[in-house]
Structures are given as structure tokens and as C-alpha cells.
Amino acid sequence: MDKQKIKINEWPRHGIQALWALLTNSHLAGFFSGKIYRGNLKKVCVPGLNCYSCPGAVGACPIGAIQAVVGSWNFKFAYYVIGFLIFIGAIIGRVVCGFLCPFGLIQDLLHKIPFPKKIRTFYGDKLLRKLKYVIFLVFVILLPLVVVDIMGQGAPYFCKLICPAGTLEGGIPLVLLNKTLRSTVGWLYVWKNVILIITILLSILIYRPFCKYICPLGAFYSVFNPVSIFRYQVDKEKCVHCGKCAAACQMQVNPVENANDLECIRCGRCKKACPTGAISCGAKGRIQS
């Protein structure tokens, strides 16, 4: 089957992504003043990866919050952050990745840029996808847990050394809007921008490379896909094994083999591609076609 002939209208989903990105970055004055919002809403985590330092951000990034408090289990906020992520994961799994992550939307749109040959998969792709779990364990948990300040708080190593979303949403706008910050730019800022540029270029060629190989938040939510309340299901009696669902999936998941694969971001492409309506989704016991 020619995979190029599979056309899925994803603009309704992109509309939801864009609306959510606007809501979570609705402090528009920050984009003019160059100042970060520090009101009470900043104490609340948003479900997706959205940089705390973004001038428009009205909530806290859960990954940044974990790094800040993981070494301080005596602080109630630490339990709140972990509990919040577990709650979201247990309810909807990686629906967050497909609908509620601003950086996911950016990668989606970048991949729509025409290019002669897109890379669907490559040798070592499956092994490389394990990297995001290593990054979560090392940069989000172990380093902040072991290396803490006198207050017992860990440093955000993932945010400082890796996160391209933070560079795009927070680093670049703040440096452009603050003259004093421009004078302090050093090798670390250059390094982060190199990572961002590589991520942007790869996103044109490969669908969501950051989500597949790097994102620690996606790694965390992925483990809940098989057990979350919201889930996908394939009706074996309706399925004609045409392969259209697997061909439509840009995360290279085969719903017939595992409808709730760890890599599934629950974007709904497979459901739309199925000619017999064999794929359904919803809460356990109330799954609808």
C-alpha cells in the first residue's frame, strides 16, 4: 500500500493544541515587558511541557518543578508535583502529548514543511527511543536528587543543559527583550540554541524527534498508556488487517498489535484512517467508535 496516499485532516487537533498553547501562555504582557509572570497561577503545574521562563507562561512546567523539588521530600510541593503527574497519566496517558503540549504543536507544524524525502524510521530507531527514559532518570531525578543546594533543592539540569522547548519559549524571548541578559550570554546559551536548531531541522525530516527520543515528560506519561482510564481498542471482528492504521501512525505504532503502545500519543490518526471503524477510544467500559 502506498503510504503517501493516506491523508488525514489534523487541523481540528491542531486547533485544540493552539488554543491550549494560548491559554497556558496567556500572559501576553510578558512578551512586551520581558518579565516572567510570578502570580499565584505559577504555583500550578500545566500537564504539558511549557517552560516556566516563557514570558507568557501562567503555569509551571511539571518537569522543571520535579527537578526543583525532587531532592526535598520534606516539602509538600514535591508530593503535589509527582501526584499531579501520576493523576494526569492515570486518567489520559499520552493524550497530553497529542493535544496539550505546545512544543508538540511546533513539531507537528514543522513536519508539514515539504521536503523531498521524509524519514519515517531508520536503523536503531527503536533503541534510540529508550533514551528519553534514561534522560528522565538521570537529568530529572538522579542529578537533582543528589546535587542540591543548602535549602535541599535540586538544580534543573534538563532545563539548563538540554530542553530545546525552554530555549525557544523562554531563553530566546528573554534574551531578546532584556538588554542585561544579552550581555551575560555565554557558551551554555549557544549550546542550547544548537540543540534547538538541530531539533527544528530534524522535525522537518522526522515526525516529533524530541517526543520520540528526548522528552522526559513523554517518557513518564508513556508508562500509563496501557493502564490509563482513557484508552484505545481494536475490534478484532471488524478489523480487516488492511494496515492503514499502522501506515497512518507517525509514531510508528501498529494499533492492531498494541492499541495502547507506550509510543502512542493518542492523536487519533489511526482511528480516522480505519475504513471499517474497528478502532475506538474512550474510558474503560465506555469505549465508543
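The values are calculated or read from the model by the stated rules, or taken from the named source; none is laboratory data. Being a predicted model, the structure only gives us computed values, none of them experimental. Every residue, glycine as well, gets a Cβ built from its backbone with ideal geometry; the counts of neighbours run over all protein chains shown. The area values use the complete protein model at the heavy-atom level, side chains included, leaving out ligands, DNA and RNA. Shrake-Rupley method; radii C 1.70, N 1.55, O 1.52, S 1.80 Å.
Remarks
- Sorted peptide list for 210-216, 129-135, criterion being average Cβ within 10 angstrom, highest first: 210-216, 129-135
- Sorting 184-190, 257-263 by their mean Cβ neighbour count within 10 Å, with the most densely packed peptide first, gives 257-263, 184-190.
- Taking amide H atoms as placed 1.01 Å from N in the peptide plane, the amide H of G282 lies under 5 Å from those of R231, Q288, each 5 or more residues away in sequence or on another chain.
- Considering only P275, P102, P209, the mean-square fluctuation computed in a Gaussian network model of the chain, springs between alpha carbons under 10 angstrom, is largest for P275.
- Accessible surface of the stretch 109-179, 1.4 Å probe, proportion on carbon and sulfur as whole %: 76 percent
- For the pair R38 and K130, label points projected 7 Å from Cα toward Cβ lie 4.4 nm apart.
- Note on V223 and V194: the model spin-label points, each 7 Å out from Cα along the C-beta direction, lie 3.2 nm apart.
- Förster radius 22 Å - calculated FRET efficiency between W187 and A155, Cβ distance, rounded to 0.05: 0.80
- Computed over protein heavy atoms with a 1.4 Å probe, the carbon and sulfur contribution to the accessible area of the stretch 33-74 reaches 61%.
- A cut-off under 13 angstrom between Cβ atoms defines the neighbours of Y213, and their net charge, with Lys, Arg +1 and Asp, Glu -1, is +4.
- Rounded to the nearest 20, the Cβ-based charge dipole of the chain about its Cα centre (Lys and Arg +1, Asp and Glu -1) stands at 440 debye.
- Using C-alpha pairs under 8 Å with a sequence gap of at least 6, the mean separation divided by the residue count of the stretch 210-289 gives a relative contact order of 37 percent.
- Remark: the stretch 94-233 carries 50 Å² of accessible area per residue (probe radius 1.4 Å; ligands, DNA and RNA excluded).
- Answer label, with Cα extents along the principal axes in Å calculated from the coordinates and candidates (i) 61, 45, 37; (ii) 124, 41, 33; (iii) 71, 47, 34: (i)
- Highest to lowest packing among 138-144, 12-18, scored as the average C-beta count within 10 Å: 138-144, 12-18
- When the listed pairs K118/K244; K112/K271; K7/K238; K42/K118; K117/K271; K117/K236 are checked against a 29 Å cut-off, the alpha-carbon distance exceeds it for K42/K118; K117/K236.
- Using a Förster distance of 45 Å, the FRET efficiency for K236-L23 (Cβ separation, nearest 0.05): 0.70
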